[in-house]
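Rule-based calculations on the coordinates, nothing more; no lab input. Just so you know, these numbers come straight off a predicted model, no measurement behind them. Every residue, glycine among them, receives a Cβ derived from its backbone with ideal geometry; neighbour counts consider all protein chains shown.
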Amino acid sequence: MEEKLTLGDSVKKWGVIYGLIGLIVALLSAIFDFQSMGVAGSIISSLLNIGIAFAIYFLSTKEYRESNDGILSFGQGFKIVALVGLLGGAIRAVGFYVYIKFIDSTFMDRVLEAQIQAQENMGASYDPDAVPEFMKFFQTTEFMGIASFIGAVFGFLILGLIAVAINKRTEDY
């Protein structure tokens, strides 16, 4: 008789997988300067992240459902994708923060340079003194780490719930 998979086991397994794959994609995006490729680089990176997130959420809920007699309630599925998203997002955010803060400290300079170039292409000039103080936080490595985590939260709220809706099975089914 096959042992049932617990919610915690599923979350740990898929959360770590998601965090490590997400971190690898984020690091490759930073190393190959996808942000300097303009819109095309951003779209490629975004689509890759969306595909990975959906696949992880789908596979985690499917595995849990299959190991628990084919039953997965919407609530159980939501718990799984929420915790997988939080764990994976935390791993990715911390890893990415460490990379851009300590390993590649020029990353934020390149991002800022790309933003200035985009403003100049639209006809606006960049004046660092005109940037309000509270906006300067959005140009820091800390914000990049926080934004990575927030992206994971929005990901599980949207993509995760779609995956749960697909994999949901109840006894009435």
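Here are some notes:
- Helix 7-31 and the longest principal axis of the Cα set of the chain meet at an angle near 20°.
- Cross-link partners of LYS136 among lysines, defined as those whose alpha carbon lies under 19 angstrom from its own and excluding same-chain residues fewer than eight positions apart: LYS101.
- Of all lysines in the structure, those lying under 21 Å Cα to Cα from LYS12, and not within fewer than 8 positions of it along the same chain, are LYS4, LYS62, LYS79, LYS168.
- Packing-based order for 105-111, 60-66, using average beta carbon neighbours within 10 Å, highest first: 60-66, 105-111
- Cα-derived Rg over Rh, computed across the chain with Rh taken as Kirkwood radius: 1.09
- Pair LEU47, ASP9: separation of 7 Å Cα→Cβ label points (nm): 3.8
- The radius of gyration of the Cα set in the stretch 38-98, together with its Dmax, comes out at 14.5, 48 angstrom.
- Stretching the chain fully between ILE146 and MET108 yields a gain of 12.3 nm (0.36 nm per residue, less the alpha carbon separation).
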